[in-house]
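Enquirer: I have a structure I would like to understand better, so I am pasting it below and will then ask my questions one at a time.
The values are calculated or read from the model by the stated rules, or taken from the named source; none is laboratory data. No experiment lies behind these values; they were computed from the predicted model shown. Cβ placement follows ideal geometry from the backbone for every residue including glycine, while neighbour counts extend to all protein chains displayed.
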């Protein structure tokens, strides 16, 4: 089984110079495709988000899936996802989230009483991965830590980013799973990348990094730091209530996805669409 982007990198060229990227995240699919969580039919949400996005007038040149593809680490679930993505005929790349490298036992128990079990990442989840257009570089890193919910900016990722950004000064978009700026929500901020300063110290040396996109937080947010625009993207599965200190679902927010339109002059436009 292979993803449609061969490693170590893939070059994408478009006739109009725009690179239109569809980001989806936090699918949380289960072995049983009929699984419903908090009123959300997870498989149906994933299928519907993808269908709605690709039915829009905007051409899609690349699909990025930024982690938590599954809630149960099972190769059959990944194959179901990859089959659907391959059927689009559009290049795609997927990175790991915490649920892709961690199983939970005792899901009926309060979170603090559950046991977290480390699992290996699926072989087709990418890390230290470059996708290039003539005018942009898209960089994907894995922030997951097996057996943990919180993430980490791994030392080898810092060195890989430094090398890549040193040798290429094209405008850069960085994609990862865990957030690296607090969301002003105590419970989810306890599970962000544990050492974000390491990343921000690195990015201070490379102003070509214009944009950072992530999942994990199941909500929409736009922030700015050091000249970098940071986009949090809604999940295809279920949403978390923003700016609350205790865990809560957002009862009103619909599943969503993000478009990122990268222009030849280095400008970027981005917006979120919700499942209609």
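Enquirer: Which residue pairs have Cβ atoms under 6 Å apart, sit 6 or more places apart or on different chains, and have a first residue in the range 221-248 that is at positive phi and touching a residue at least 12 places away in the same chain (Cβ under 8 Å) and a second that is assigned to a loop (DSSP other than H, G, I, E, B) and crowded, with 18+ Cβ neighbours inside 10 Å?
Expert: If the second residue must be assigned to a loop (DSSP other than H, G, I, E, B) and crowded, with 18+ Cβ neighbours inside 10 Å, the pairs left are 243/185.
Enquirer: Same structure, new question: Name the pairs whose Cβ atoms lie under 9 Å apart, with the first residue in the range 253-276 and touching a residue at least 12 places away in the same chain (Cβ under 8 Å) and at positive phi, the second buried (at least 16 other Cβ atoms within 10 Å of the Cβ) and assigned to a strand (DSSP E or B), and 6 or more positions between them or separate chains?
Expert: From residues that are touching a residue at least 12 places away in the same chain (Cβ under 8 Å) and at positive phi, the pairs are 266/210.
Enquirer: Contact list please: Cβ distance under 8 Å, first residue in the range 185-199 and farther than 22 Å from residue 226 by Cβ, second residue at pLDDT 95 or above and in a helix (DSSP H, G or I), pairs at least six apart or on different chains.
Expert: Close Cβ pairs satisfying both conditions: 191/98.
Enquirer: Which condition does residue 202 not pass, out of (1) over 15 Å from the mean Cα position of the chain (by Cα); (2) surrounded by 15 or more Cβ atoms within 10 Å (Cβ to Cβ); (3) closer than 27 Å to residue 50 by Cα, if it passes all the others?
Expert: (3)
Enquirer: Among the residues of the range 10-39, how many are free of Cβ contacts under 8 Å to residues at least 12 places away in the same chain and farther than 24 Å from residue 69 by Cα?
Expert: Summing the residues that are free of Cβ contacts under 8 Å to residues at least 12 places away in the same chain and farther than 24 Å from residue 69 by Cα in the range 10-39 gives 2.
Enquirer: Please determine, by comparing only the residues of the range 109-143 that are in a loop (DSSP other than H, G, I, E, B), at pLDDT 95 or above and touching a strand residue (DSSP E or B) at 6+ places or on another chain (Cβ under 6 Å), which one is surrounded by the most Cβ atoms within 10 Å (Cβ to Cβ).
Expert: Selected residue: 143.
Enquirer: Sticking with this structure for a sec: What about residue 162, is it modelled with pLDDT of 95 or more and touching a strand residue (DSSP E or B) at 6+ places or on another chain (Cβ under 7 Å)? Write out each step before concluding.
Expert: Working: modelled with pLDDT of 95 or more: yes; touching a strand residue (DSSP E or B) at 6+ places or on another chain (Cβ under 7 Å): no.
When the stated conditions are applied, residue 162 does not pass them.
Enquirer: Looking at 176, 202, 165, which one is in contact with a helix residue (DSSP H, G or I) (Cβ under 9 Å, 6 or more places away or on another chain) and under 30 Å from residue 30 (Cβ atoms)?
Expert: Details: 202 fails: under 30 Å from residue 30 (Cβ atoms); 165 fails: under 30 Å from residue 30 (Cβ atoms).
Step by step, each of 176, 202, 165 is checked, and only 176 is in contact with a helix residue (DSSP H, G or I) (Cβ under 9 Å, 6 or more places away or on another chain) and under 30 Å from residue 30 (Cβ atoms).
Quick grid of which residues meet (1) under 19 Å from residue 270 (Cα atoms); (2) surrounded by fewer than 21 Cβ atoms within 10 Å (Cβ to Cβ):
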| position | (1), (2) |
| --- | --- |
| 22 | yes, no |
| 42 | no, no |
| 54 | yes, yes |
| 59 | yes, yes |
| 77 | no, no |
